[in-house]
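Notes to accompany the following structure.
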Amino acid sequence: MSLTVFNKYLRAPRLERAIKIPTVAFFRKQLNTTALIEFGKYIQKVFPAVFSTEFIQHEVVGEYSYLFTVQGSDPQLMPYMLLAHMDVVPASEEGWKFPPFSAEEDEGYIYGRGTLDNKNSAIGILQALEFLLRRNYRPRRSFYIGIGHDEEVSGLDGGKQIAMLLQARGVKLSFLLDEGSGILDGVIEGIKSPVALIAITEKGLLTLNLTVRSDPGHSSAPPKETSIGILAAAMSRLEKNPMPRLFGYGPELMMFEHLASEFAFPLNIIMKNLWLFSPIVSRIIERKPAGNSMVRTTTALTIFNAGIKFNVIPHLASAAVNFRIHPAQKVAEVLEIVKDTIDDDRVEITVTEAFDPLPISPWDDQALGVQIFRRTIMDVFPHVSSICIGNTDSRHFTNLTDAIYRFNPVILKADDVSRIHGWNERISVKDYEKQVDFLFQLIQNCDIDKLPKPHLSTHEL
Ligand SMILES: CCCCCCCC/C=C\CCCCCCCC(=O)N[C@@H](CCSC)C(=O)O
Ligand SMILES: [Zn+2]
Ligand SMILES: [Zn+2]
């Protein structure tokens, strides 16, 4: 059942009102809890059927996160899970066309923090379910919905607690769908038509704190080197010496091979023969930030702190560097390279957070999740497997399933990727309604007895 005519329950105003609630997460334990509470009240108000249907249980986990258990009518079918988060990264008004929590609509776009990451999924999932319930739909297959409250600051108190609760209950999932990729339109140079990339793994992460201590003193008689100068030099070395190219050593190889037929001649031949051309291809792809993130472990200098007054030499300078680890590398190896690159004992290096790249989810035609996604997006976009360049709450669920997929059915154009965590994050009203439609259909497709026979290759879809 496709939604050609949108019902009022599927339209965007519910997302707009959710965007206006500033559920900002600054650091772990530094969350706008007033807004998180308001968000909880808001979803109860606008999704009454979700909260009152007798076969749906809702629980508040870790004070602000939500877990919904939708009891299907057939207990023989293995459940699945839809995951999203309500928290957002901070946004200052500077640089935005409209204030980031205004949800202003302009030329068909809703502007605001969380429109892509990730209130579009949180509200979209609940909105699709609310609509199904109002049509008296009772799912056959049970499923869980997790709406985390601290994904942007690690997910340890929200998403992870949900995962632990389900694990303690002995739950096993047939698959899990989270944010983390999208339908790319003009993002990959050389491909004209939109492609739906479903991320089957997720990069690892390493955040380091760098500290330099030196003697404080009067700025009128400065030493040759200060804590700021030493630290700045170390940071600059890290930025000027990117991590090695690893293109072709992870699932991105498969992704580009799958995509080969979407490229025009001669790129299609080149992409089909990456065993030979990957050194050249990686040099082309790395020129843009999103492409670079596919090619290597990325290095991002994100925090720099030092000094209190213009005429005081500071004792302490500290900074943070955030690495996103390519699937072919591990934390330990990245740390070794960092130490060699900095090569200065005066720079104290401490690990703030670290985890290796996530396991690769099944991508064969037999995997239920794959069949469902094929079915749900088949008529609209070709799809291929990919890597999620950011991190998601789904990484806390590896004990519940090996089939974790990261995909938002939202069209991302070339300039959209930088809007995520950046200025002018936005979603078109049309795209949001399509996302709800996708979720509405996906829930129903999970109940189909026999899914269509898989196609042999992705470009046939
Ligand atoms: C050849 C070019 C290919 C380019 C592919 C780019 C695909 C981009 C598609 C979507 C954007 C990625 C969004 C990732 C979602 C990340 C969610 C998030 O922000 N998570 C936080 C978690 C912090 S706790 C570790 C994060 O910082 O990653
Ligand atoms: Zn997110
Ligand atoms: Zn994010």
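The values are calculated or read from the model by the stated rules, or taken from the named source; none is laboratory data. Not measured: the values here are computed from a predicted model. As a convention, Cβ positions derive from the backbone with ideal geometry for all residues, glycine included, and neighbour counts pool all protein chains shown.
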Anything in the stretch 70-93 that is within 27 Å of Lys20 (Cα to Cα) and β-branched (Val, Ile, Thr)? List them, or say none. Val88, Val89
List the pairs whose first member sits in the stretch 110-131 and is within 26 Å of Glu94 (Cα to Cα) and touching a residue at least 60 places away in the same chain (Cβ under 8 Å), whose second member is among the β-branched types (Val, Ile, Thr) and more than 16 Å from ligand 3 (Cβ to nearest atom), and whose Cβ atoms are under 8 Å apart, counting only residues at least 6 apart or on separate chains? Ile110/Val429
Scanning the stretch 297-320 for residues that are farther than 18 Å from Pro357 by Cβ and within 31 Å of the chain's Cα centre (by Cα), the one nearest to ligand 2 (Cβ to nearest atom) turns out to be Thr302
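Within the stretch 161-187, which residues are within 16 Å of ligand 3 (Cβ to nearest atom) and either polar (S, T, N, Q) or surrounded by fewer than 24 Cβ atoms within 10 Å (Cβ to Cβ) (or both)?
Within the stretch 161-187, Ser181 is the sole residue that qualifies.
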For residues that are farther than 30 Å from His315 by Cα, more than 16 Å from ligand 1 (Cβ to nearest atom) and not hydroxyl-bearing (Ser, Thr, Tyr), tally how many sit in the stretch 163-213. 11
When you scan the stretch 38-55, how many residues do you find that are touching a residue at least 24 places away in the same chain (Cβ under 8 Å) and either of a type in the set (D, E, K, R) or surrounded by 15 or more Cβ atoms within 10 Å (Cβ to Cβ) (or both)? 9
Which numbered condition trips up Ala221, out of (1) surrounded by fewer than 24 Cβ atoms within 10 Å (Cβ to Cβ); (2) touching a residue at least 60 places away in the same chain (Cβ under 8 Å); (3) in a loop (DSSP other than H, G, I, E, B)? (2)
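So which residues in the stretch 126-141 are in a loop (DSSP other than H, G, I, E, B) and surrounded by 20 or more Cβ atoms within 10 Å (Cβ to Cβ)? So that I can check it myself, show each step before the final result.
Let us first name the residues in the stretch 126-141 that are in a loop (DSSP other than H, G, I, E, B), namely 135-141.
Pro139, Arg141 - these are the residues of the stretch 126-141 that are in a loop (DSSP other than H, G, I, E, B) and surrounded by 20 or more Cβ atoms within 10 Å (Cβ to Cβ).
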Given the criteria within 20 Å of Arg237 (Cβ to Cβ), over 29 Å from the mean Cα position of the chain (by Cα) and either hydrophobic (A, V, I, L, M, F, W, C) or not in a loop (DSSP other than H, G, I, E, B) (or both), does Asp340 qualify? yes
Can you tell me which residues in the stretch 202-216 are of a type outside the set (A, V, I, L, M, F, W, C) and buried (at least 24 other Cβ atoms within 10 Å of the Cβ)? Glu202, Lys203
What is the one condition in (1) more than 16 Å from ligand 2 (Cβ to nearest atom); (2) over 19 Å from Leu439 (Cβ atoms); (3) in the same structural domain as Leu412 (by TED's automatic domain parsing) that Val153 does not satisfy? (1)
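Being away from ligand 2 (no atom under 16 Å from the Cβ) and closer than 21 Å to Phe373 by Cα narrows it down to one residue among Ser174, Ser181; which is it? Show your work before the answer.
Details: Ser181 fails: away from ligand 2 (no atom under 16 Å from the Cβ).
Of Ser174, Ser181, the one residue that is away from ligand 2 (no atom under 16 Å from the Cβ) and closer than 21 Å to Phe373 by Cα is Ser174.
Specify which of the listed residues (Glu107, Glu152) is within 13 Å of Val88 (Cβ to Cβ) and either away from ligand 3 (no atom under 16 Å from the Cβ) or charged (D, E, K, R) (or both).
Details: Glu107 fails: within 13 Å of Val88 (Cβ to Cβ).
Of Glu107, Glu152, the one residue that is within 13 Å of Val88 (Cβ to Cβ) and either away from ligand 3 (no atom under 16 Å from the Cβ) or charged (D, E, K, R) (or both) is Glu152.
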Assess whether Val370 counts as being at pLDDT 85 or above, surrounded by 19 or more Cβ atoms within 10 Å (Cβ to Cβ) and out of contact with any Gly (no Cβ under 8 Å at 6 or more places or on another chain). yes
